[in-house]
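Everything below concerns the one structure shown next.
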Amino acid sequence: MSSDDLSYRPHQKDADAPGTPDTAAGQPARPPEPLHDPSPAPQPLDRTGRTGLKGRWTGLPAPVRWTGGILSILLVALLIFLMIFDWDWLRPPLASVISGKLHRPVRIDGHLRVHIWSWTPTATVTGLKVGRPDWQKAEKDAPQGDMAEIDGITVTAELLPLLVLHAVLPRLEVDHPVVTLYQDGTGRANWDFSDGTDTGKGARLPPIRNFIIRNGHLAMTSVQRRLRMTATVNANETASGGGQPFALLGTGRLNGAAFDLKATGGPLLDVHTGRPYPFDMYVRAGDTVMTARGRVLHVFNLGQLDGAVTVKGRDLADLYYLTGLALPNTPAYSIAANVARDDRTYHVTGINGRVGGSDLHGVLTVDIAKTGRPDLTGDLRSTKLDFRDLGSLFGATSANAPSKPHLAAAPQATTGRRLLPDASLDAERIRGMDARVRYRAQSVVATPHLPLRAVSLGVKLDHGLLALDPIDMSFPQGRLTGTAAIDARGAVQSNTVDMRLTGLHVEQFITQAGKPLEGVIDARLKATGAGNSVHKAAGSADGRMVVVMPAGMIRQSFAELMGIDATKGLFMLLNKDPHRTEVRCAIADFSIHNGVMQARNIVFDTGVVLVNGSGHVNLNDESMKFTFKGKPKPFRLVRIKAPIVIGGHLTAPTFGIDAGPAVAQGGLAAILSTVSAPLAAIPFIAGGGQKDADCGTLMGEARSKGAPTTTRAAPKAVPATVRR
């Protein structure tokens, strides 16, 4: 073997490697291959040519692979656990959560069943009990036992909204709920599930497309409203037995009178929150009847509803037991209005009706959001007010009121001769609400003796302080203005009144032909008194009243009779003599103490007679006694020296003459006996020469005591035949 044969020759494969020269082929040699290739090995491909999951998983960092594996195991375990889990184990914590939301004890005596393998999971609870609030347990006459007992509740919810804590319920079924509602005398109610700081909100349920209530029973007791009622509640898919798919039917007693409630509507199936749910309601409580045709604007949100409401009865004050509003006493009424509820605000618009003989229109708003107590504001008006109805505000029995006795908030007076009403004011009612209401009457149907033209009243109520401010009544000539207040915030009710009468022409109140008296009257009454009725307040009143007539005219025959001029005045009166004389001034000044109006000064100065008077009025028993002594100014040959006496009762005054020692005067006494028995056998003496009264001083004194006196020129003393 030659040396050439012993020389090294590379392998053919090596010769083909990159960078190795190939001398035989004349090509440059291939470079040598590296000993280790750092690039990853090629991954297996699936049928689509993509890298398999196994490859991706194994390509993840080890901590991530371990975390994913653990979560997968936990998820599978959770699913298996939920499939075999006994949901009854969750009854105590679920009851605890509900108890916290309702602020009262809750327990589940039955079972809890949940089916979660659906886009609409379902849960069923049986034996649900909702207890009473703590304050109710301390009430002596409150119902015992739980507030609610429900045999079963089945709830179906949509899964996706539930994941974001928003409940949408395709179906809710309630079997045999027994609910006992209670409200105490202060208005606390066990159906108020707030913590006491957010009361009065309307019930608001989540959207429910299908709502079924089977064989529901409701019992309600309200001490504040004097209501006891039992009712049945059913909400079925279809009407049964000729009834309505939804029906709430109740009976009981309200303020001692029979009470009936009927609320009906269509089936609560396939309902939507954006589509209103219509309902009808009928309520009868004694003589009060209320009907409503309304809508729940967003189904299951009872804080948003509206409807047309009609109500009629014997006294608006009786609506307190239905509405919680302290309304005034009125005669029989019939009113229609539109009522809309916006959470804790009620808007009453389009009021149209009649109260007694008067029409009534306007708007009202009741807001309980601010303080949790009703706050009533509004503007009411009458095109034509029957003034006899206005007296009912102060407890008087209106001529338009029904003759049949009724269940009023305050019993009416039983004394047939009483002028001042003694109907009592229920202080608890007016303490429970606030109000700011204005009332105006464009015209007044008044009596011939009270020719009113228009009336305007402002009513303000603030925590038991009731004020009529302003009081404004206008006559064809003259005006009565002022304020009155009733303070019922304390144990003893106090009352104040401050009234002014200006520019009142007295002839407006005289229906007799010829107008025997003409003039302008100004007056002021300011008094305070304690008591829960007009009569009691007047019977204990202290204050002052002043009445003045700066100038006027009077038929001379009447003036002469005030001086008991038998030789002139009597025969002028009998002959209907039209001549008149001036009234220089007149004043009546009364002090009021403990319900007795004592005359301090009574003066009536005419051109022919100066009259002085004295006396009193007892506002407690409404008795009165006045004595008027007239002294002629011209000389009279014969004059009866005897005072005129007015006595009796305010509703039935008596007139006469105090004869004193009776001494008959022959033929004149015989003539007088044919005219009036009280004038017979009265002694006569000559008299005359009385001076004029100091009218300027009298008017100044009246102004100093608060009388709104004005200076007016006396009408000229011309014959009545010319002044017609």
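Every number here is computed from the coordinates shown, using simple stated rules; none is lab data. In this text, all values refer to a predicted model and were calculated from it rather than measured experimentally. Don't worry about glycine lacking a Cβ; one is built from the backbone with ideal geometry, like all the others, and counts go over all protein chains shown.
Between the stretch 256-317 and the stretch 423-479, how far is it from one alpha carbon centroid to the other, in angstrom?
32
Could you work out the local net charge near L254, counting Lys and Arg as +1, Asp and Glu as -1, over the other residues with Cβ closer than 15 Å to its Cβ?
The answer is +3.
If amide H atoms are built 1.01 Å from N in the plane of the peptide, which residues on other chains or at least 5 residues away come under 5 Å of the amide H of M147?
V130, G131, R132
Give the calculated FRET efficiency between T383 and F193 to the nearest 0.05, with a Förster radius of 41 Å applied to their Cβ-Cβ distance.
My answer for the efficiency is 0.35.
With a cap of 16 neighbouring Cβ atoms within 10 Å, and only residues DSSP puts in a loop, list the trypsin sites (Lys or Arg not before Pro) found in the stretch 113-175.
Sites meeting the loop and neighbour criteria: K140.
Among 141-152, 213-224, how do they line up by average Cβ neighbours within 10 Å per residue, starting with the highest?
Ranking the peptides 141-152, 213-224 by packing returns 213-224, 141-152.
So if we plug the beta-carbon distance of D141 and T654 into 1/(1 + (r/R0)^6) with R0 = 41 Å, what FRET efficiency do we get, rounded to 0.05?
After rounding to 0.05, the efficiency reads 0.15.
Residue by residue through the stretch 99-109, which ³J(HN,Hα) values in whole Hz follow from phi under the Karplus form 6.51 cos²θ - 1.76 cosθ + 1.60 (θ = phi - 60°), with glycine and proline marked x?
These are the phi-based 3J(HN,Hα) values: 4, x, 6, 8, 6, 6, x, 9, 9, 10, 8 Hz.
Lys and Arg at +1, Asp and Glu at -1: add these up for the other residues within a Cβ distance under 11 Å of G324 and post the number.
Spelling it out: positives minus negatives among the neighbours equals +3.
Packing-wise, with mean Cβ within 10 Å as the measure, how do 425-436, 535-546 rank, highest first?
Ranking, from highest mean packing down: 535-546, 425-436.
What full-extension length gain, to one decimal in nm, is calculated for H616 and E237 as 0.36 nm per residue of separation minus the Cα-Cα distance?
That works out to 128.8 nm of additional length.
What net charge is computed for the residues neighbouring Y282, neighbours being all others with C-beta under 14 Å from the C-beta of Y282, Lys and Arg scored +1, Asp and Glu -1?
Value of the local net charge: +2.
Based on the mean of other Cβ atoms within 10 Å per residue, sort peptides 602-609, 96-103 so the most packed one is first.
Per-residue Cβ counts within 10 Å, averaged per peptide and sorted highest first, yield 602-609, 96-103.
Which of I335, I116 has the fewest other C-beta atoms within 10 Å, and how do the rest follow up to the most?
By the 10 Å Cβ count, ascending: I116, I335.
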